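Visitor: Here it is, the structure in full.
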Amino acid sequence: MSSFRGRDVLSIRDLSRADIELVLKTARRMVPTALGKRASHTLEGKILGTLFYEPSTRTRLSFESAMNRLGGRVIGFSSAEGTSVQKGETLADTIRMVEAYSDAIVLRHPQEGAARLAAEFTEKPVINAGDGAGQHPTQTLLDLYTIWDEKGGFAGQNVALVGDLKYGRTVHSLTYALAEFGANLTFVSPPTLEMPREIVEAVKEKGLSLKVTHRLEDVIRDADVLYVTRIQKERFPDPQEYEKVAGTYRIDANLLREAKRDLIIMHPLPRVTEIAPDVDRTKHSLYFKQAFNGVPVRMALLQLILGGTA
Ligand code: CP
């Protein structure tokens, strides 16, 4: 039986290298089922509760797709509107209720630490689908899967993380994981949106190559992976501060003329203006495939947590 059975997934740092490798290998075997080419009933009779207190397209729908592809069912909400949260029900009480109705809980919440708090109120597995500017571990698993699938591994890959490194939770989780796997990291952000100090320190402790710059032009020639993020407008306490940095970076086909032939461009999506539509047609664009990869990866995770087998 897998060590995942019944486990919470709250932060990527809760997973060992072996855990992550197991998810990636399991996900690869899930691809035909994720594409609808093979049927599976391994989670028949299981119910997943999806509680989204913040907007989502990919995370929520790919969890739903994953559970359905494995023969399970999904209940939940896509907004706290229309739920008893509007009447003042606490997160703890909501979790206690959904525990009674489901076998595992997926939670997206605007407050950092919400998933860890939720896990204290239930014996059922809690999966963090994004907690404020904190962590987004299942996004990291699908990001790792995408790099591993395209590049064959992580060690020695030049990965540039671009955009809002302060509020972007996907880059926080991904940085921890890539540092663990030995990638060369470069952080590219406006001065006011740099990677939090504790994450920078964690990378340095690994003794890995780490560069910091504010200019996209500094990384475009050497990058193997360009991981682009949206400036997280909704997390700025002051809208004027957002206006100062909005549109700082824009990847377009012209810029990519200097890139390596096999550069891949990733983005957790949604994008706004940071990747021009003309990039979609280039061989570098991988963000839509990356979004699809969320299905086999989340299938793997659900199978391991609820089914106990790889
Ligand atoms: N990547 C991601 O978390 O997308 P959603 O916000 O649409 O779920």
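The values are calculated or read from the model by the stated rules, or taken from the named source; none is laboratory data. What you see is a predicted model, and the numbers here were worked out from it, not measured in a lab. Glycine gets a Cβ as well: all are built from the backbone with ideal geometry, and neighbour counts include every protein chain shown. Just the protein is used for accessible areas: all its heavy atoms, side chains included, with ligands, DNA and RNA removed. Shrake-Rupley method; radii C 1.70, N 1.55, O 1.52, S 1.80 Å.
Visitor: Before we move on, is Leu51 crowded, with 16+ Cβ neighbours inside 10 Å and either under 24 Å from Phe121 (Cα atoms) or away from the ligand (no atom under 16 Å from the Cβ) (or both)?
Guide: Judged against the criteria, Leu51 is a match.
Visitor: Moving on. Would you point out which residue out of His109, His136 is within 17 Å of Tyr287 (Cβ to Cβ) and crowded, with 20+ Cβ neighbours inside 10 Å?
Guide: It is His136.
Visitor: Something else about it: Just to be sure before I move on: is Thr122 surrounded by 17 or more Cβ atoms within 10 Å (Cβ to Cβ), in contact with a strand residue (DSSP E or B) (Cβ under 7 Å, 6 or more places away or on another chain) and not assigned by TED's automatic domain parsing to the domain that holds Leu43 in the structure I sent?
Guide: no
Visitor: Now a separate question. So which residues in segment 266-289 are within 12 Å of the ligand (Cβ to nearest atom) and in a loop (DSSP other than H, G, I, E, B), if there are any at all?
Guide: Matches in segment 266-289: His267, Pro268, Leu269, Pro270, Arg271.
Visitor: Could you list, in sequence order, all residues of segment 100-135 that are farther than 22 Å from Arg235 by Cα, in a helix (DSSP H, G or I) and touching a residue at least 40 places away in the same chain (Cβ under 8 Å)?
Guide: Across segment 100-135, the qualifying residues are Tyr101, Ala119.
Visitor: Additional query: When segment 265-310 is examined, which residues are found to be β-branched (Val, Ile, Thr), closer than 29 Å to Tyr167 by Cα and open to solvent by 10 Å² or more (accessible area, probe 1.4 Å)?
Guide: Val272, Thr273, Thr282, Val295
Visitor: Write out, first by first residue and then by second, each pair whose Cβ atoms fall under 7 Å of each other, whose residues are 6+ apart or on separate chains, and whose first residue, in segment 204-218, is more than 25 Å from Ala253 (Cα to Cα) while the second is open to solvent by 100 Å² or more (accessible area, probe 1.4 Å).
Guide: Leu210/Lys204
Here's the yes/no breakdown for (1) within 15 Å of the ligand (Cβ to nearest atom); (2) open to solvent by 10 Å² or more (accessible area, probe 1.4 Å); (3) not assigned by TED's automatic domain parsing to the domain that holds Ala246:
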residue	(1), (2), (3)
Tyr145	yes, no, no
Glu150	no, yes, no
Ala160	no, no, no
Leu165	no, no, no
Leu174	yes, no, no
Leu178	no, no, no
Asn184	no, yes, no
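Visitor: Is there a residue in segment 75-89 that is farther than 17 Å from Ala114 by Cβ, touching a helix residue (DSSP H, G or I) at 6+ places or on another chain (Cβ under 8 Å) and crowded, with 20+ Cβ neighbours inside 10 Å?
Guide: Among the residues of segment 75-89, not one is farther than 17 Å from Ala114 by Cβ, touching a helix residue (DSSP H, G or I) at 6+ places or on another chain (Cβ under 8 Å) and crowded, with 20+ Cβ neighbours inside 10 Å, which makes the answer no.
Visitor: Within segment 291-308, is there a residue that is more than 15 Å from the ligand (Cβ to nearest atom) and assigned to a loop (DSSP other than H, G, I, E, B)?
Guide: Looking for residues that are more than 15 Å from the ligand (Cβ to nearest atom) and assigned to a loop (DSSP other than H, G, I, E, B), one finds at least one in segment 291-308, hence yes.
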